[in-house]
Amino acid sequence: MSQAVETNLSAAASGAENARNFLRQYALHIALVVLIILSALISPSFLSGGNVSNMLLQAAPLGIVVIGQAFVILVRGLDLSVASVMATAAVAATSFNGQDTDALLIFVVAIGIGLITGLVNGLLVAKRNVSPFLATLATMIVLQGMRSAWTQGAPSGNVPPFYRILGSDSIYGVPYNLVITGVLAVFFSVLLAKTTFGRKVYITGGNPVTARLLGINADWITITCYVISGGLAALAGLILSGFVGIVDNWVGRGFEIDSIVAAVMGGVALSGGRGTIAGGLVGAAILVVVFNSVLQIGMPIQMQIIIKGLVIVIAAAFYVRRAA
Amino acid sequence: MTAISQRRSGAFVRRNGSQFIVIGLLVLLAITGFIVSDRFATVANIMNILEQSVTLALVSLGQTLTILTGGIDLSVGSMISLASVLLSGITNGDANMVAPAIAIVLALGIFVGLLNAAAVVWLRVHPLIVTLGMGAVLQGITLLYTMGPAGKMPLGFDWLAFGRVLGLPVGAVIAVALFLLTAAFLRYARLGRYIYAIGDDAIGAKLMGLPRTKVLLFVYAFSGFMASLTAIFLVSRFGVGQPYTGANFTLTSITPVVVGGTLLAGGRGGVLGTLLGVYLVSLLNNVLNFMDISSHYQLIVQGLIVIIAVSVYVEKKRTL
Amino acid sequence: MLTISNLSKSFPGVKALSGMQLDVRAGEIHALVGENGAGKSTLTKIIAGVYQPDEGQIEYDGEITHWPSPGAAKAAGVHVIYQEFVLFPHMTVAENIFIGNERRGLLGMVDHGQTRKDAAELLHRLGVEIDPDKRVVELSVADQQMVEIAKAMVHKVRLLILDEPTAVISGHEVELLFQRLQALRADGVAIIYISHRLEEIFEICDRVTVLKDGQFVASRAIADVTRDQLVALMVGRDMSELFPPKATAASGAVVLQAKGVSAAGRVRNASLTLRAGEVTALAGMVGAGRTELALAIFGGLPMTAGSVEIGGKSHSQMSPALSIREGIGLLTEDRKGQGLAMLLDVAANITAADLQTVSRNGFLDRARENEIAREEIASYQIACRGPQNPVVTMSGGNQQKVLVSRWARTCRRVLILDEPTRGVDVGAKAEIYRIMRELAAKGIAVLMISSELPEVVGMADRVVVMREGTISGELTGADITEEQIVRLATQSLAA
């Protein structure tokens, strides 16, 4: 009997419910569009070519980090070490003679640092059962120490021109770094949504016990997610160093928080097993637009931080309500 | 019979093992310090360690309580920054304004903590996210208030940081007294027992009708209060409040807590472990200084200690 | 004392209670009976203030009441002993007994000495030897149950609800519990006693209320009803209609053999043989080690001794991956905790154990997956909005069918089902029985773990009974009766 009732319900609901489901599902995209329209109305210069390309340049490194952060959050984790990895990768970029001949070497060293950090994080979390918060906090601190020990306080040296171009130049008006972000986004979206690996990520995050009973190597899946996050953070660090040009010990500062905020805002659930790369990227876009319009409207730059803080709590509360 | 007593003593070590390890490490460090420098075991150096550990002790005392409930307070760093600039900004060198300014920042700390708890309870958002967001908001407000050092403190205010009572640093005496009081509170007050109960089994606490809202309001208000108190000692030490002065405390306040054996999952641990953790961190930095190891490496060592601590104490929860 | 009328409560996808009524008097022990999923737990939680009813009213002590929280109900003198205990594992026994009711001394401070003393006295009065300084996590399950009972004696209880209090205790401890309950009854406390064990109900209760499918069936004085009448009221239909006919052909070849398996300290030297085409039931009391044995065979728990023989090979250690490769399926007892990925959709949950058939070179074939999901939804009549419906919004019965379909697709040799009908409605139950029988007819060896005796008797071709971690006996054919099973499950305790 209850079956019949339910079937009836689902049939009757299809009309109004579909509209509501649509709104729920695309609330984020709608928010982004509304935000852009509002910003454009309030400040005409918002949609100017210069400002748009500026925003896209800023969005690219954040987007790359968010992709990795999403993987980690999907398996019930959190990666606080991304900013530290970014800064270390940036320091690596200036640690050679600043010529393009070293570009490949820099790439290998930087990405290597990211992958190893991710591996350590993953091993601590999966094999030692350390809480992700503490594991990535600890690697963050260790990396920070190694970095400042290596640079003896302040890094000197130049970012090779290759990375300068990657970080700040455009091709046909599209920033190189955005192209890279786009390629990565597509690649990792496919990995997550269309492969058995991606499915195992969702199952492991959704229910680790079930994953084990299904013969899925949940530890390996978890470790891989942290490695992906580490590697992407290192790449983002290289690109960001090319964008800012000068490297200090704190390139990427705040990216750990921003990437978590963007992912959560984009519907990646901290409880694991739910969310998409696309959602996280929309979250990142909203964050960048909000930051930018704060300045465009003429509010002091400090308001960016305040709004960020409010947005993360509101977004999280929104998803709690939606889940209930 | 033997089996039972073995299991008993096993349980005892499991229960108090973290403290033994920390005390062991403390002794080991003290011996190392003794060997590497003849200036280590001097009264001046010990006073120095005690003075330097005050701020870390105060902020991690508050942090311990939030972690015992299974939560965390990531807004303490920004709270310290905000309270610092407000304290020296409001006082602005006027001795008559010191008391009102202190009252204001302490009240503000409590208020911010209550807001944190309210969001945790009524918005049902995880404390990690709530306090992260609150931290950003407070940092923004701090920077709106001032981008640089704000105001100054009148002469004599540095007594808190450098003064002595009974020949001991004022701050250290206050900190240890607060730790003992809090330990007694956790053990002998009903609210204190409920902090453990809620961290141990949140659903059970709800079914038993324990006052979760009241407990959370209390612990986050306490944490905010301790952050403001930390700011007062920081300002006393530096003479002026600065907008980034608390930034590092958010995460470093967690180190002594977990090193002292309090589990991030909540319900187990205590403030005395945290106090040992504080002295471990301070002694470590001190000894490394004597060994001429730069502060860069000190960070590495601190990170490694966190890794070792959490992977040693961690409880295997995995059932399958 | 307590009068409930016209009470209803719904959860997403399922109507848990409708038009419920209950009348409990002071100074009586009132039994609440019904099958799993009849609504006993929901009713309990509403009385305890955990859930709020959608409609209906609760009259307590002559006044219409509404408890917005468990704390409010507790303040009114309502105490519940839940089946899954409410104990704080890292606090001491004494503290657990007095939590919320602390012994206090000077300045309102918690008096730990007094707490310990009173707890020791209380436990002594209860007749059990439990060290009040021990942490609850260090106690046996039976001792934990006794601590729960001691806890109820501290509070100024006016209405006491016990949910399956004897599930994990036996013999002497049950006697102690009954003595306590009789004393409380004499003091004028109203007691609601939920139990599956009808003999207990006839021993200690005064009246009984029967629930079925979330609805009130009848209230009777115990003296006015016989055991058979009570069963008829609970089931409300001829049970035999639910069960498909048993296998008629002789049993097939041996498919799986577990030899001398020990695991997790809960299973000792257990051996088990499963044959093709046969439904074998693994019966026994809760805590007898049935679930652990199933997990060890499947590879979810490490075997500390023994071996599992399947497909002509003997393995001293199994793993879930190996089991799935060898065609073994395990439907776990805990649907949400160990079975489903709740946020994923129906399609993903159905294909989770068999990603190979819905993928090529590591890439998922979504079209194929959806096609499979649609077929399964149709063949098992899973009520949902389609393959992309997240399982979290579905009712327990339909979630269970998703799991059954998952394993039915992959198990080529053996399917183990741990309490497959727990918390599902009657329609889904019959459906699950039918599927089990169909799978057996296809030549699969089915192992069903069940605590429901009518289910065991109605379904099993062979019954293996476990007691305290070991196999205590085996029954076939006409020997399969509730009495025989109970005898084997409790043998040493009765002796």
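Nothing in this text is a laboratory measurement; each read-out follows from the coordinates by a stated rule. Remember, it's a predicted structure, so these values are computed and weren't measured experimentally. Positions of Cβ are backbone-derived with ideal geometry, glycine not excepted, and every protein chain shown enters the neighbour counts.
In terms of the Cα gyration tensor, with a ≥ b ≥ c the square roots of its eigenvalues, is segment C:184-277 rounded because a/c is under 1.5, prolate because a/b exceeds b/c, or oblate? Since a/c reaches 1.5 but b/c is at least a/b, the shape of segment C:184-277 is classed as oblate.
On the beta carbon distance between C:His172 and C:Arg487, with R0 = 22 Å, the FRET formula returns roughly 0.70. By the rule of a C-alpha distance below 14 Å, with chain neighbours fewer than 8 residues away ignored, the aspartates and glutamates paired with A:Lys200 are A:Asp219, C:Asp345, C:Asp354. When restricted to Cα atoms, segment C:165-238 yields an Rg and a Dmax of 13.3, 41 Å, respectively. Counting other C-beta atoms within 10 Å, and keeping those with at most 12, which DSSP coil trypsin sites (Lys or Arg not before Pro) do you find in segment B:246-320? Passing sites in segment B:246-320 are B:Lys316, B:Lys317, B:Arg318. Between amide H atoms placed 1.01 Å from N, distances below 5 Å from C:Val286 occur with no residue 5 or more places distant or on a separate chain. Residues whose amide H lies under 5 Å from that of C:Phe363, counting only those 5 or more places away or on a different chain, are A:Thr196; hydrogens are built 1.01 Å from N in the peptide plane. For the residues A:Val227, A:Val290, A:Val261, a GNM of chain A with alpha-carbon springs under 10 Å puts the largest fluctuation on A:Val290. Rounded, prolate or oblate: which fits segment B:18-106 when a ≥ b ≥ c are the square roots of the eigenvalues of the alpha-carbon gyration tensor, with rounded for a/c under 1.5 and prolate only if a/b beats b/c? Oblate, because a/c is 1.5 or more while a/b does not exceed b/c. Springs between alpha-carbon atoms under 10 Å, Gaussian network over chain A: tell me which of A:Gly167, A:Gly205, A:Gly153 tops the mean-square fluctuations. The residue that fluctuates most here is A:Gly153. Normalising by residue count, segment C:241-494 has a Cα convex hull of 123 Å³ per residue.
Using every pair of distinct Cα positions in segment A:37-323, the Kirkwood expression returns a hydrodynamic radius of 19.2 angstrom. Here segment C:320-387 is treated as a sphere whose radius is the Kirkwood value from Cα pairs; by Stokes-Einstein at 25 °C and 0.890 mPa s it diffuses with a coefficient of 187 µm²/s.
Remark on segment C:92-195: Rg and Dmax equal 13.8, 44 Å (Cα only). Taking amide H as placed 1.01 Å from N in the peptide plane, the amide H of B:Thr262 sits under 5 Å from that of B:Gly270, each at least 5 places away or on another chain. Computed from backbone phi with θ = phi - 60° and the Karplus coefficients 6.51, -1.76 and 1.60, the 3J(HN,Hα) list for segment A:182-197 is x, 4, 4, 4, 5, 4, 6, 5, 5, 4, 7, 8, 10, 10, 5, 4 Hz; x is used for glycine and proline. In order along segment B:152-159, phi translates into HN-Hα couplings of 7, 9, x, 4, x, 5, 6, 4 Hz, rounded to whole numbers, per the Karplus curve 6.51 cos²θ - 1.76 cosθ + 1.60 with θ = phi - 60° and x for Gly and Pro.
The Cβ shell under 9 Å around A:Ala87 holds other residues with a net charge of +1, Lys and Arg each +1, Asp and Glu each -1. Between C:Ser379 and C:Ala430, the simple label model (points 7 Å from Cα in the Cβ direction) yields a spacing of 2.2 nm.
Charge dipole (Cα centre; +1 on Lys/Arg Cβ, -1 on Asp/Glu Cβ; no other charges) of chain A amounts to roughly 760 debye. I'm checking a number: the convex hull volume of the Cα atoms of segment A:82-175, normalised per residue, in Å³. What is it? So the per-residue Cα hull volume is 109 Å³. By the rule of a C-alpha distance below 17 Å, with chain neighbours fewer than 8 residues away ignored, the lysines paired with C:Lys9 are C:Lys40, C:Lys45, C:Lys212.
What lysines could a cross-link reach from C:Lys313, if we take a straight Cα to Cα line under 20 Å and drop same-chain neighbours fewer than 8 places away? Here the lysines satisfying the reach criterion relative to C:Lys313 are C:Lys259. By the Kirkwood approach, averaging reciprocal distances over each pair of separate Cα atoms, segment C:2-237 gets a hydrodynamic radius of 18.5 Å. I want to verify a result. In a Gaussian network model of chain A, Cα cutoff 10 Å, which of these has the top mean-square fluctuation: A:Val251, A:Val294, A:Val72? Its mean-square fluctuation being the largest, the pick is A:Val294. Just so you know, the Rg over Rh for segment C:323-434 is 0.94, from Cα atoms, with Rh as the Kirkwood radius. What longest range of chain C stays clear of loop-exposed GluC sites (Glu not before Pro) (DSSP non-H/G/I/E/B, at most 15 other C-beta within 10 angstrom)? The reported range is C:130-495. Remark: segment B:121-255 projects, on average over all directions, an area of 10.4 nm² (convex hull of Cα atoms). Comparing B:Asn286, B:Ala202, B:Val176 along the charge dipole axis of chain B, the residue lying farthest to the positive side is B:Ala202, per the Cβ-charge model.
Projected over all directions and averaged, the alpha-carbon convex hull of the protein assembly as shown occupies 49.0 nm². With q set to 0.27 Å⁻¹, the log10 of I(q)/I(0) for segment B:236-293, from the Debye formula over equal scatterers at the Cα positions, is -1.01. Between C:Ser219 and A:Thr276, the simple spin-label model (points 7 angstrom out along Cα→Cβ) gives 5.4 nm.
In order along segment C:370-384, phi translates into HN-Hα couplings of 5, 4, 4, 4, 5, 4, 5, 4, 5, 6, 9, 6, 7, 7, 7 Hz, rounded to whole numbers, per the Karplus curve 6.51 cos²θ - 1.76 cosθ + 1.60 with θ = phi - 60° and x for Gly and Pro. Among rounded, prolate and oblate, which fits chain B when a ≥ b ≥ c are the square roots of the eigenvalues of its C-alpha gyration tensor, a/c under 1.5 means rounded, and a/b larger than b/c means prolate? It is oblate, given that a/c is not under 1.5 and a/b is not larger than b/c. About its Cα centre, the dipole of chain B is roughly 1220 debye, where the only charges are +1 on Lys and Arg Cβ and -1 on Asp and Glu Cβ. Quotient of the Cα radius of gyration of chain C and 2.2 N^0.38 Å, N being its number of residues: 1.03.
On the principal axes of its alpha carbon atoms, segment A:23-102 extends 47, 38, 17 Å, with the longest extent given first.
Segment C:428-495 and segment C:156-229 have Cα centres separated by 26 Å. Relative contact order for chain A: 31 percent, from Cα pairs under 8 Å spaced at least 6 residues apart, divided by residue count. Kindly state, to the nearest 0.05, the FRET efficiency for C:Glu55 paired with C:Glu199, given R0 = 22 Å and r defined as their beta-carbon distance. Once rounded, the FRET efficiency stands at 0.05. Pairwise Cα separations in segment C:205-343 fall into 5 Å bins from 0 onward with the following percentages, short to long: 2, 8, 14, 14, 13, 12, 11, 10, 9, 5, 2, 0.
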